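Every number in this text was worked out from the coordinates using simple rules, so none of it is lab data. This one's a predicted model, so the numbers in the text were calculated from it and none came from an experiment. Cβ placement follows ideal geometry from the backbone for every residue including glycine, while neighbour counts extend to all protein chains displayed.
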Number of protein chains: 2
Amino acid sequence: MIKVSVLYPNDAGNKFDIDYYCQKHIPMVQQKVGAACKRVEVEHGLAGGTPGSKPAYVAIGHLYFDSVPAFQAAFGPHAKEIMGDVPNYTNLQPIVQISEVKM
Amino acid sequence: MIKVSVLYPNDAGNKFDIDYYCQKHIPMVQQKVGAACKRVEVEHGLAGGTPGSKPAYVAIGHLYFDSVPAFQAAFGPHAKEIMGDVPNYTNLQPIVQISEVKM
């Protein structure tokens, strides 16, 4: 199982509409990529590790797929449309990471 | 529900023993914090978002708790011992983020 994580850095002046992200963007992504996406997770940053510190990321979204090829096959045909929705909820440039799920 | 994420940056010269992390460190943390920790996740970085790119993080661990106070109460008394195990699997300084679980 692999996890595609999309991390939105907590840069100064950032805008991030978590409600739009959860209620519109992620459901749209799920509808586009279909059953290849086994699970989604979204978290909203609260704090860093030390008292009073800011979170490194405003929000992080995770999509689970069986494999990297399964992700590419499902996401590729819809990438342009999915990426085109990003300005509707944020002015940030996300970091994307693909990971193997170990636990 | 909150998620405490521990992100290990993929710095040059990094060492990270994913087997030790999954088989020794995380089980030790779970044993110390007890039932307050509702779930754990570990992922091992494979790639970035563009072809051939490296992952931003070597590994990421996530611990779920009911609330920030529940995490602090469970983790605080064992923080020194848990942090003392870190050099056994990595030479990296992790980024810690606390987030609210939205989906």
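Beyond 20 Å in Cα-Cα separation lie the following of the pairs A:102/B:38; A:54/B:54; A:38/B:102: A:54/B:54. Coupling constants for the range A:32-40 follow from the phi torsions by the Karplus curve (6.51 cos²θ - 1.76 cosθ + 1.60, θ = phi - 60°), and in residue order they are 6, 7, x, 5, 4, 8, 7, 6, 10 Hz; glycine and proline get x. Overall, the anisotropy analysis places chain A in the oblate class: the square-rooted eigenvalues a ≥ b ≥ c of its C-alpha gyration tensor yield a/c not less than 1.5, with a/b not exceeding b/c. Between B:32, B:24, B:80, the Gaussian network model of chain B with springs among Cα atoms under 10 angstrom shows the greatest mean-square fluctuation at B:80.
Calculated translational diffusion coefficient of the protein assembly as shown (37 °C, 0.692 mPa s; Stokes-Einstein with Kirkwood radius over alpha-carbon pairs) equals 186 µm²/s. From its DSSP helices (H runs of at least four residues, each -39,500 (n - 2.57)), the protein assembly as shown gives a residue-normalised ellipticity at 222 nm of -5500 deg cm²/dmol. Around the amide H of residue B:10, modelled in the peptide plane, lie the amide H atoms of B:57, B:58, all under 5 Å away and 5 or more residues distant in sequence or on another chain. Projecting the Cα atoms of A:36, A:95, A:75 onto the charge dipole of chain A (Cβ charges, centred on the Cα centre) puts A:36 farthest toward the positive pole. Highest GNM mean-square fluctuation, chain B, Cα pairs closer than 10 Å: which of B:52, B:34, B:76? Between B:52, B:34, B:76, it is B:52 that shows the largest mean-square fluctuation. The fraction of Cα-Cα pairs per 10 angstrom bin, counted from 0 for the range B:32-77, comes to 25, 34, 23, 16, 2 percent, rounded to whole percents.
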